[in-house]
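Participant: Got a structure for you, written out below as structure tokens; questions coming shortly.
The values are calculated or read from the model by the stated rules, or taken from the named source; none is laboratory data. Since the structure is predicted, the reported quantities are computational estimates derived from the model, not experimental observations. Here the Cβ positions follow ideal geometry from the backbone for every residue, glycine too, while neighbour counts run over all protein chains shown. Surface accessibility is based on the protein's heavy atoms, side chains included, excluding ligands, DNA and RNA. Shrake-Rupley method; radii C 1.70, N 1.55, O 1.52, S 1.80 Å.
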Amino acid sequence: MSFLWRRIRLANSEVAVAHDDNTPPPFPALDSAQRANVPQIEIDGSEEHEEHEEQSGVDESRVIAVELNKTDMPPPREPLRQSADAPLPLSSAPSKGPASVVASARAPSTSQPSTRPFSVSERPLPKFNFSNVAPTRKLAAPSVTAPTTLGQARRRREKVALDPGFSQLDWAILKNSGKDLSGRPNGVAPVQITVDELKLHSTQEDAWTALGGKVYNISPYMRYHPGGVKELMRCAGRDGTKLFNITHVWVNYDRMLSNCFVGYLVSGRNS
Ligand code: HEM
């Protein structure tokens, strides 16, 4: 099998990636609830919901409510209660005169053996007989969860640490400022972009990608991307729809990148 390779340039390095490499990143897991269930869920367009979505970039209406199965956990233990008729042990000191004698709640006598049953704290511990102990059996440790897919086996999730000032909220603030982040010269209307033209924009400082037929300048978003620059760069200079969708179809890219919209992808090639 032969691969077509292309090089993508990150800020301080250059990496080779297979041309149509759409292998999903290690997270979210292939069998995660997000990936498994999202396509069947309807989007509702209520105002309240949209405002929230604007902040997080995550389409909340697509989030699945997970019902906790109450039978999974045993009920909490009954708290230990002192028997109602057993007198409360007020003090273990012997009484020393009339002042310490209380009619309703007498301190138990320390000289007379008590007839009431032991309270939990007073009950003598059973003598432990080591000879009765069954020979120790080696318990098999539960196996560490084996990777279930090839993708999981190959790569483990690595959480990307975003720089301060590059959270999703910071991106929402920048986007809502109304600033044009497309990189198009001022006043130039969205243009038609061919696949060849798209290929020319594959560096971190000048990265375009096509999602659902629309081309976006993703360079301004690079450092805000929760999956990191490297993952995002995998769709630079090409149609990233497939990779995007297998990674996080629930993310509303059109809303998030509206200020980065450059034009429409057309199928023709430059002559
Ligand atoms: C160009 C458009 C893209 C946008 C607007 C975008 C946006 C986002 C957003 C909002 C999240 C957080 C989602 C959540 O927590 O549910 C996210 C996470 C992620 N994205 Fe993207 N993404 C894009 C492209 C890509 C591509 C091409 C990849 C590469 C395969 C990728 C890989 C990831 C990964 C691995 C995470 C999970 C990060 C984590 O929580 O550890 N993204 N992205």
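Participant: State which residue is surrounded by the fewest Cβ atoms within 10 Å (Cβ to Cβ) when the search covers only the range 247-258 and only residues that are aliphatic (A, V, I, L, M) and under 22 Å from L30 (Cβ atoms).
Facilitator: Taking the range 247-258 and keeping what is aliphatic (A, V, I, L, M), we get 249, 251, 256-257.
Filter once more, keeping what is under 22 Å from L30 (Cβ atoms): 249, 251.
Details: V249: 16, V251: 21.
The qualifying residue surrounded by the fewest Cβ atoms within 10 Å (Cβ to Cβ) is V249.
Participant: Please enumerate the residues belonging to the range 1-51 that are modelled with pLDDT under 75 and touching a His at 6+ places or on another chain (Cβ under 6 Å).
Facilitator: Scanning the range 1-51 gives a single hit, L4.
Participant: Separate question: Please find, within the range 209-220, the residue that is nearest to L198 (Cα to Cα) out of those that are β-branched (V, I, T) and within 9 Å of the ligand (Cβ to nearest atom). Explain how you work it out, then say what you get.
Facilitator: Step one: of the range 209-220, the residues β-branched (V, I, T) are 209, 215, 218.
Applying the additional criterion that residues be within 9 Å of the ligand (Cβ to nearest atom) yields 209, 218.
Numbers: T209: 7, I218: 12 Å.
Looking at residues that are β-branched (V, I, T) and within 9 Å of the ligand (Cβ to nearest atom), I get T209.
Participant: Given the options F244, F261, name the one that is aromatic (F, W, Y), within 6 Å of the ligand (Cβ to nearest atom) and open to solvent by 20 Å² or more (accessible area, probe 1.4 Å).
Facilitator: Working: F261 fails: within 6 Å of the ligand (Cβ to nearest atom).
It is F244.
Participant: Checking V195 against (1) open to solvent by 10 Å² or more (accessible area, probe 1.4 Å); (2) out of contact with any Asp or Glu (no Cβ under 9 Å at 6 or more places or on another chain); (3) away from the ligand (no atom under 15 Å from the Cβ), only one condition comes out false. Which one?
Facilitator: Failed condition: (2).
Participant: Something else: Look through the range 11-35, keep the residues that are polar (S, T, N, Q) and within 12 Å of the ligand (Cβ to nearest atom), and return whichever of them is most open to solvent (accessible area, probe 1.4 Å). Talk me through it step by step, then tell me what you get.
Facilitator: Pass one, the range 11-35, residues polar (S, T, N, Q): 12-13, 22-23, 32, 34.
From the residues that got through so far, the ones that are within 12 Å of the ligand (Cβ to nearest atom) too are 22-23, 32, 34.
On the way: N22: 35, T23: 52, S32: 16, Q34: 71 Å².
That would be Q34.
Participant: Next up: Of all residues in the range 221-238, how many are more than 9 Å from the ligand (Cβ to nearest atom) and open to solvent by 30 Å² or more (accessible area, probe 1.4 Å)?
Facilitator: Number satisfying all stated conditions: 2.
Participant: So which of K175, K242, K214 ends up being under 21 Å from D20 (Cβ atoms), touching a residue at least 60 places away in the same chain (Cβ under 8 Å) and among the charged types (D, E, K, R)?
Facilitator: Working: K175 fails: under 21 Å from D20 (Cβ atoms); K214 fails: touching a residue at least 60 places away in the same chain (Cβ under 8 Å).
When all the criteria are applied, what remains is K242.
Participant: Right, something else. Which strands (runs of 3 or more DSSP E) does the range 193-271 wholly contain that include 2 or more residues that are under 27 Å from P164 (Cα atoms)? Let's see the steps before the verdict.
Facilitator: Values: elements: 206-211, 214-217, 261-266.
Passing ranges, in order: 206-211, 214-217.
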